[in-house]
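> Before anything else, here's the structure in question.
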Amino acid sequence: MMTRLRLGLLLLALLALAALIAPLAAGWIGKDPFAPDLFARYAPPSPDHPLGADELGRDLLTRLLYGARISLGVGLATALAASVLGTALGVLAAWRGGWVDTVLMRLADGLLALPALPILVLLAAMDPARLGLPRGEAVTDMLRIVTILVLFGWVGVARLTRAGALTILASDYVRAARALGVTEARLLWRHVLPGLVAPVAVASALAVAGAILAESVLSFLGLGIQPPTPSWGNMLANAQEAVFAAPLAALWPGLAILLAIAGCSLVADGLSRP
Amino acid sequence: MLRLAALRLPQIALTLALLSLAAWFAIGLMPGDPVSLALFSDPRLTPEDIARLRALHSLDQPMLERYLAWAGGVLRGEFGYSRLFAQPVPAVLWPALRSTLVLVGAAVALAAAAGVALGGLAALRPRAAPLVDAATLLAQAVPSFWLGILLIILFAVRLGWLPAGGAPEPGGSVLPFLVLPVATIAFGQMAAYARHAAAALTAELARPHITSARARGGSEARVLWRHALPNAAVPLLTLLALDAGGLVSGALVTETVFARPGMGKLLYDAVMGNDYNLALLALLLVALVTMLATLAADLAQRWLDPRLDA
């Protein structure tokens, strides 16, 4: 259904716009998302703070807009990396077959059987300084989360592309191309990959949703993006502490996550039922 | 069926062994070790004391050797102690596992019942289908920890009907503490069951044996209950098989939001509190339960549909 695809793309475009204009909007409203203002602690929504203020008096609207950058950035980076890695490994397994196929697919089975969330918690608690990375930088946090999510995220795409590639490799036009003397590299690039675009697109759209949710869960648990950098997840964690003082503060970040995930699901749905 | 189990059990053992090794090294990369924590709480410790403590707890040995010593102990049934709770690890793990299984079991039962009801509604009344569609889309997109917070704000803070979280006093009723967490998990899970039930029931209702049952004068309720649902249950069990593991480990978020003392919360506290031994054993127990649940669901599916065993 075309309407689902359009609605989903519209939602995602709005969120992308919010992420892009975050610094501009902060300028227009005249609010710094990082500057505490202790006189405005838990301020209710007002013309001065359109969505209210948090426990340090920071403006919630500008923090929400900056949070969109983190969420969409992590979501898109994870989906892109997982799709590229998953497609490469899936096609490799289907094309080479034999022990390469066996090893990759057993690895995939093993990763799928594991309890993902507890392992993510364990991995997220690792100290980046011991691996030689700077600690506490937002970019390091994002990189760490994307790496951890890709570690699990490639599996779904790889299984999907392996199955698709096996079907294509057994088809007559591939045999015809081989009989014409096409090199294996060109065969994979020109004849196998184009046939995998549709399923990978659907899987990527769902991967964006999964990554946005996983990032917000990790940040909510205090293991993802570290304050003062705002992310929807750590904003919700702060809001849960303040359910008595400012119950409304819990509304906005969750709504933003919901819209992002719904947008991705609608796009995936729309792509899979043409 | 026996063949499947015989094939799967060694796989499970191998996965656990590899996971424990990987997790051992991941924990080694976490900031701080027990001795540096001891130093933190007692600054009078001298460097000699530190060296003595490290040697006493074998922290000066290479990681692989420490792993082998630990794994040997676990295989002999020596699970060691939890530093955080100052108790033997099994005494901490069993109550937590029971609490999580109760929570997840109740949530799955509720989600399956509500999902099949919604799916049945969509299959029987095509006019309600878009509404059910929209409801499932919403249920799938709502982040569970956000839903949990909203439920706490509404039912615990505003209305004061239910506790915001935690566990009952010894001897108190468990039920009030279960309502909100169960609703939180079940709401998200319901969506998948509703979608699959709607698809399976719609396909099933179009088949000849349904037309024949209707022609014989069976009531709609009887047709749905006796003729359509048993066949439609097989894909739902597949879904349960795929989800069973994720549910046990996914309870972590809900348990954290509601401060419920379950496996997820325990694991999180152990990782945060630098309690190596407890974190590792809790992770392995969750993985074991996850894989056994998936195996059990696979076996149940083969029992329902013997064609799969061929």
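> Taking the mean number of other Cβ atoms within 10 Å as a proxy for protection, how do you rank B:148-160, A:246-258, B:258-270 from highest to lowest?
B:258-270, A:246-258, B:148-160
> If you plug each phi of the range B:285-301 into the Karplus form 6.51 cos²θ - 1.76 cosθ + 1.60 with θ = phi - 60°, what whole-Hz ³J(HN,Hα) values come out, in order, with x for Gly and Pro?
Result, rounded to whole Hz: 5, 4, 4, 5, 4, 4, 6, 5, 5, 4, 4, 4, 5, 4, 5, 4, 5.
> Residue by residue through the range A:112-124, what is 3J(HN,Hα) from phi via Karplus (6.51 cos²θ - 1.76 cosθ + 1.60, θ = phi - 60°)? Round to whole Hz and write x for glycine and proline.
Karplus-based 3J(HN,Hα) across the range A:112-124 equals 5, 6, 7, x, 5, 4, x, 5, 4, 4, 4, 5, 5 Hz.
> Something else: Compute the acute angle (0 to 90°) between the alpha-carbon long axis of helix A:60-96 and the principal axis of greatest extent of the alpha-carbon atoms of chain A; round to the nearest 10°.
10
> Still on this structure, I have one more. Whole-Hz ³J(HN,Hα) for each residue in the range B:206-218, computed from phi via Karplus 6.51 cos²θ - 1.76 cosθ + 1.60 with θ = phi - 60°, x for glycine and proline: what do you get?
8, 8, x, 5, 6, 4, 5, 5, 5, 5, 6, x, x
> Using mean Cβ contacts within 10 Å as the protection proxy, how do B:174-180, B:287-293 order, highest first?
Working: B:174-180: 16.1, B:287-293: 20.0.
Result, highest mean first: B:287-293, B:174-180.
> Something else about it: Taking Cα centroids, how far is the range A:58-114 from the range A:176-218 in Å?
12
> Also: Please state the charge dipole magnitude for the protein assembly as shown, taken about the Cα centre, from unit charges on C-beta atoms (+1 on K and R, -1 on D and E), reported in debye and rounded to the nearest 20.
Charge dipole, the protein assembly as shown, about its Cα centre: 1940 debye, nearest 20.
> Which Cα, out of B:148, B:81, B:111, lies furthest along the positive dipole direction of the range B:49-179 (beta carbon charges, K/R +1, D/E -1)?
Farthest towards the positive end: B:111.
> Go ahead and run the numbers for FRET between residue B:4 and residue A:166, Cβ-Cβ distance against an R0 of 25 Å, rounding to 0.05. Spell out each step's value before the answer.
Working: r = 24 Å, r/R0 = 0.95.
Efficiency, rounded to the nearest 0.05: 0.55.
> Just checking the output field for B:145-157: average partner chain Cβ neighbours within 10 Å of each residue's Cβ?
5
> Turning to a different aspect of this structure: Of the peptides B:100-106, B:209-215, how do they stack up when ordered by the mean number of other Cβ atoms within 10 Å, highest first?
B:100-106, B:209-215
> Could you tell me how many degrees, from 0 to 90 and to the nearest 10, lie between the Cα long axis of helix B:175-205 and the main elongation axis, the longest principal axis, of the Cα atoms of chain B?
Taking the Cα atoms of chain B, the angle to B:175-205 is about 40 degrees.
> Please compute the average number of Cβ atoms from other chains found within 10 Å of each residue's Cβ in peptide A:201-213. Could the numbers behind the result be given before it?
Numbers: counts 0, 0, 0, 0, 0, 0, 0, 0, 2, 0, 0, 1, 5.
Counting other chains' Cβ atoms within 10 Å and averaging over A:201-213 gives 1.
> Can I ask one more? Post the alpha-carbon centroid distance, the range B:278-310 to the range B:90-107, in whole angstrom.
Computed from Cα coordinates, the inter-centre distance equals 17 Å.
> What is the calculated FRET efficiency for residue B:296 to residue A:197, with r their C-beta to C-beta distance and R₀ = 51 Å, to the nearest 0.05? Let's see the in-between values first.
Details: r = 38 Å, r/R0 = 0.75.
Taking R0 as 51 Å, the efficiency between residue B:296 and residue A:197 is 0.85.
> On average, how many beta carbons from a partner chain sit within 10 Å of the beta carbon of a residue in B:263-274?
Mean shielding count: 3.
> Okay, next question. Given labels modelled 7 Å from the Cα in the Cβ direction, how far is it in nm from residue A:9 to residue B:158?
3.8
> How much length is gained on full extension from residue B:125 to residue B:221, taking 0.36 nm per residue of separation minus their Cα-Cα distance?
Using 0.36 nm per residue and subtracting the Cα-Cα distance, I get 33.2 nm.
Computed from the coordinates by the stated procedures, all read-outs in this text should not be read as laboratory data. Bear in mind the structure is a predicted one, so any value in this text is a computation, not a measurement. Note: ideal-geometry Cβ built from the backbone for every residue, glycine included; neighbour counts use all protein chains shown.
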